[in-house]
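Peer 1: There's a structure below that I have some questions on.
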Amino acid sequence: MKKLLVVLAILFIGILLAGCTSQPAAPVATPTPTAVPTVIVTTAIPTPEPTKEVVVVVVNKTANVTPTATPTPVPTYTITFTKDLTIQPGASAYVKVGTKVIWANMDDLKPHSVQAVDGTTAKYFGTIESVSIPYGKTLEVTFDQVGSYDYTTGPFQPQTIGKIVVTA
């Protein structure tokens, strides 16, 4: 074990002596500075011209438009008085509620008329009296209630009895 201690002591002294030498250390190389190119940036000298304003107008082409209701077409049924004293397609008709019945006078020789038979039909014609329809003119009545409405035509013979039957 003595031998081991002697070896360790010699190593320790050797390490100490190696670090304490009086030789100057080797000079450390310092990098030499390289030349950096100098860039000179010239700026324009401001002019006394005032700045210009730009106005931007934005137009909304899809404006909020309120849709308008498309009216529902009113169904019509036309009864025509002809020159040969006939009624086309006939004096009686079967229609739905809300239908506009149109009596048209296409007889250029004389006026024709319709007359309500009772107060229920008179409500639609506006009178219990005969309503005259001159040549080329019409009488239009919209039936808005379910029912059967009797009328007569005139004033020429043969007088015809007609009926408008309104269903739902």
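The values are calculated or read from the model by the stated rules, or taken from the named source; none is laboratory data. No experiment lies behind these values; they were computed from the predicted model shown. Don't worry about glycine lacking a Cβ; one is built from the backbone with ideal geometry, like all the others, and counts go over all protein chains shown.
Peer 1: Can you give me the number of residues within region 110-168 that are in a loop (DSSP other than H, G, I, E, B) and touching a helix residue (DSSP H, G or I) at 6+ places or on another chain (Cβ under 7 Å)? I'd like the intermediate steps shown before the answer.
Peer 2: Residues of region 110-168 that are in a loop (DSSP other than H, G, I, E, B), as a first pass: 110-111, 117-118, 126-130, 134-137, 143-146, 155-160, 168.
From what's left, touching a helix residue (DSSP H, G or I) at 6+ places or on another chain (Cβ under 7 Å): 128, 143.
Number of matching residues: 2.
Condition check ((1) touching a residue at least 40 places away in the same chain (Cβ under 8 Å); (2) under 25 Å from ASP84 (Cα atoms); (3) out of contact with any Lys or Arg (no Cβ under 7 Å at 6 or more places or on another chain)) across all residues:
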{"site": "LYS96", "(1), (2), (3)": "yes, no, yes"}
{"site": "ILE102", "(1), (2), (3)": "no, yes, yes"}
{"site": "HIS112", "(1), (2), (3)": "yes, yes, yes"}
{"site": "GLY126", "(1), (2), (3)": "no, no, yes"}
{"site": "VAL131", "(1), (2), (3)": "no, yes, yes"}
{"site": "GLU140", "(1), (2), (3)": "yes, yes, no"}
{"site": "PHE143", "(1), (2), (3)": "yes, no, yes"}
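Peer 1: Can you pull out the residues in region 92-115 that are small (Gly, Ala, Ser), buried (at least 17 other Cβ atoms within 10 Å of the Cβ) and either within 12 Å of TYR77 (Cβ to Cβ) or modelled with pLDDT of 95 or more (or both)? Talk me through it step by step, then tell me what you get.
Peer 2: Taking region 92-115 first, the residues small (Gly, Ala, Ser) are 92-93, 98, 104, 113.
Keeping just the survivors that are buried (at least 17 other Cβ atoms within 10 Å of the Cβ) gives 93, 104, 113.
Across region 92-115, the qualifying residues are ALA93, ALA104.
Peer 1: On to the next question. Could you list, in sequence order, all residues of region 103-125 that are over 19 Å from SER148 (Cβ atoms) and not charged (D, E, K, R)?
Peer 2: If the condition is that a residue be over 19 Å from SER148 (Cβ atoms) and not charged (D, E, K, R), then ALA104, ASN105, MET106, LEU109, PRO111, HIS112, SER113 are the ones that fit.
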